[in-house]
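Asker: Here you go, one structure.
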Amino acid sequence: MKAIVYTQYGPPDVLQVKEVEKPAPNDGEILVKIHAASANPLDWHLMRGAPFLARLAGGLRKPKDPRLGADIAGRVEAVGNNVTQFQPGDEVFGACTGSFAEYASVPENTLALKPTKSSFEQAAAVPVAAITALQGLRDKGHIQPGQKVLVNGASGGVGTFAVQIAKAFGAEVTGVCSTRNVDMVRSIGADHVIDYTQEDFTRNGQHYDLIYDAVGNRSVSDYKRALNPKGTCAIAGFQSLPRLFEHMVLGPLMSKTGNKKVGLMGIAKMNQKDLVYMKELLEAGKVVPVIERKRADGDHCILAWEGIRAFLLSVLSLSGEPLLAASKRCGRCTHILLHLLRCESRIPAKAYANHVFPALFGPINTVNGFTSNSASLITPRLRTDTFM
């Protein structure tokens with residue numbers, strides 16, 4: 001079969017269409033003939049190995065796994081031993097490693113039957129983005145009916161699902177987006193829409209019980225200012241390493257004072273129960289995937305190679321590239337990272353030295369022995385692109 005693979009980190013030019021061995025399902029796995037797949041900034045981060053934290057799990061010098069792509073929708077071709085819920089011919093959707101291919105072997109517990117009213121393209125747009133939105137709102141944000149909920153990045157892949165899922169929970173939803181997307185965000189159910197080019201949601205006097213941020217571009221102080229007492233902010237995305245570390249460290253620290261909580265939602269966990277929940281929302285018409293572009297390959301032998309390449313090129317602006325480039329030039333990435341972290345976050349020097357630095361890197365005298373645990377790399381899609 002044909003598949004898109006990468007054997008080194010870099011721009012989309014490192015992706016190659018190759019003939020690879022067709023997988024065979026192991027115990028508890030299902031062989032799926034893929035009819036549609038969607039591309040995420042997650043795929044772009046893995047392809048580039050950027051930010052560098054992404055390599056801690058995926059391979060420091062080169063990718064451990066050459067496969068790319070996560071979201072899939074297709075038809076069951078064969079099942080492995082001990083598979084009880086699916087049979088050949090079933091139409092399914094879910095997530096796996098290596099969805100940019102003709103076939104994939106997928107664990108049974110990361111698949112669900114495709115929504116009956118959804119096309120393969122619509123179903124393929126759901127798993128990563130929708131599950132990220134669902135778990136952030138429900139598990140981290142503890143969303144309740146009647147709450148005032150704000151979604152920052154409401155026009156993105158995760159954000160469009162977050163708006164609709166929050167409405168399904170009975171919340172009053174405000175979406176934040178750019179001018180060109182105001183009408184679209186309103187059309188998917190947002191009660192109020194803020195154009196961030198005209199208004200700052202953290203300084204307009206409005207307050208919210210729950211903020212779900214699919215962008216991650218505001219300071220912890222900004223979030224707390226916009227929250228009601230006992231409010232929660234769940235952050236799913238990030239746009240720079242300094243901001244990411246601020247949310248990782250200062251969020252929990254500052255949440256210890258007062259009754260407003262700010263923090264990262266963590267990595268979304270793909271599971272069948274949540275896929276079934278999303279299936280029910282789609283079948284009830286409460287959630288409709290927002291697809292910006294569809295691309296199809298003429299001979300149907302590969303999943304829109306040029307479309308995937310074009311999409312990955314379109315998300316270069318999400319990179320931490322300036323920081324990484326500077327780190328490579330001078331070889332002192334710790335000092336650069338911490339300098340940018342303190343400047344961008346406006347952290348007082350004393351707090352920076354006594355709390356932030358040790359929390360991230362250990363005692364100050366170990367600065368040149370920099371190590372770090374892996375962090376949440378879940379990022380929002382700019383919009384949902386599907387390939388069929």
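Asker: Can you tell me which residues in segment 120-147 are aliphatic (A, V, I, L, M) and either under 28 Å from I34 (Cα atoms) or surrounded by fewer than 20 Cβ atoms within 10 Å (Cβ to Cβ) (or both)?
Answerer: Matches in segment 120-147: A123, A124, A125, V126, V128, A129, A130, I131, A133, L134.
Yes or no, residue by residue, for (1) among the basic types (K, R); (2) touching a Phe, Trp or Tyr at 6+ places or on another chain (Cβ under 9 Å):
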{"position": "I211", "(1), (2)": "no, yes"}
{"position": "V220", "(1), (2)": "no, no"}
{"position": "L227", "(1), (2)": "no, yes"}
{"position": "K230", "(1), (2)": "yes, no"}
{"position": "V249", "(1), (2)": "no, no"}
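Asker: Now a separate question. Does segment 147-164 contain any residue that is modelled with pLDDT of 95 or more and either more than 21 Å from the chain's Cα centre (by Cα) or assigned by TED's automatic domain parsing to the domain that holds V287 (or both)?
Answerer: yes
Asker: Do you know which of the residues in segment 184-218 that are of a type in the set (G, A, S) and surrounded by 19 or more Cβ atoms within 10 Å (Cβ to Cβ) is modelled with the highest pLDDT?
Answerer: Of all residues in segment 184-218, those of a type in the set (G, A, S) come to 187, 189-190, 205, 214, 216.
Applying the additional criterion that residues be surrounded by 19 or more Cβ atoms within 10 Å (Cβ to Cβ) yields 190, 214, 216.
On the way: A190: 98, A214: 93, G216: 90.
It comes out as A190.
Asker: Can I ask one more? Residue under question is K33, and the condition is that it be out of contact with any Gly (no Cβ under 9 Å at 6 or more places or on another chain), among the charged types (D, E, K, R) and either farther than 13 Å from T97 by Cβ or outside any helix (DSSP H, G or I) (or both); does it hold?
Answerer: no
Asker: Among the numbered criteria (1) surrounded by 20 or more Cβ atoms within 10 Å (Cβ to Cβ); (2) on the phi < 0 side of the Ramachandran plot, which one does G153 miss?
Answerer: Single failed check for G153: (2).
Asker: If you go through segment 290-301 one residue at a time, do you hit one that is surrounded by fewer than 20 Cβ atoms within 10 Å (Cβ to Cβ) and at pLDDT 95 or above?
Answerer: No: zero hits.
Asker: Which residue is farthest from V126 (Cα to Cα), if the candidates are limited to segment 64-81 and must be outside any loop (DSSP other than H, G, I, E, B) and among the small types (G, A, S)?
Answerer: This residue is A78.
Asker: May I pose another question? Assess whether T174 counts as being at pLDDT 95 or above, crowded, with 22+ Cβ neighbours inside 10 Å, among the hydroxyl-bearing types (S, T, Y) and not in a helix (DSSP H, G or I).
Answerer: yes
Asker: Also: Return the total of residues in segment 1-17 being surrounded by 15 or more Cβ atoms within 10 Å (Cβ to Cβ) and touching a strand residue (DSSP E or B) at 6+ places or on another chain (Cβ under 9 Å).
Answerer: Matching residues across segment 1-17 total 8.
Asker: Now for a separate question. So, T84, is that one free of Cβ contacts under 8 Å to residues at least 40 places away in the same chain and either under 18 Å from T132 (Cβ atoms) or not in a loop (DSSP other than H, G, I, E, B) (or both) or not?
Answerer: Working: free of Cβ contacts under 8 Å to residues at least 40 places away in the same chain: yes; either under 18 Å from T132 (Cβ atoms) or not in a loop (DSSP other than H, G, I, E, B) (or both): no.
The answer is no for T84.
Asker: Take segment 97-117 and flag every residue that is outside any strand (DSSP E or B) and either more than 24 Å from V288 (Cβ to Cβ) or free of Cβ contacts under 8 Å to residues at least 40 places away in the same chain (or both).
Answerer: T97, G98, F100, E102, E108, N109
Asker: Within segment 219-231, can you find the residues that are of a type in the set (S, T, Y) and surrounded by fewer than 23 Cβ atoms within 10 Å (Cβ to Cβ)?
Answerer: Matches in segment 219-231: S219, S221.
Asker: Checking the conditions here, which among D27, D43, D13 is in a loop (DSSP other than H, G, I, E, B) and either assigned by TED's automatic domain parsing to the domain that holds A95 or of a type in the set (A, V, I, L, M) (or both)?
Answerer: After ruling out the rest, the residue left standing is D27.
Asker: Quick one: which of R61, R75 is farther than 19 Å from K18 by Cα, surrounded by fewer than 20 Cβ atoms within 10 Å (Cβ to Cβ), among the charged types (D, E, K, R) and touching a residue at least 24 places away in the same chain (Cβ under 8 Å)?
Answerer: Result of the check over R61, R75: R75.
The values are calculated or read from the model by the stated rules, or taken from the named source; none is laboratory data. Computed from a prediction, not measured in an experiment: that's the story for all the values here. Here the Cβ is made from the backbone with ideal geometry for all residues, glycine too, and neighbour counts use every protein chain on show.
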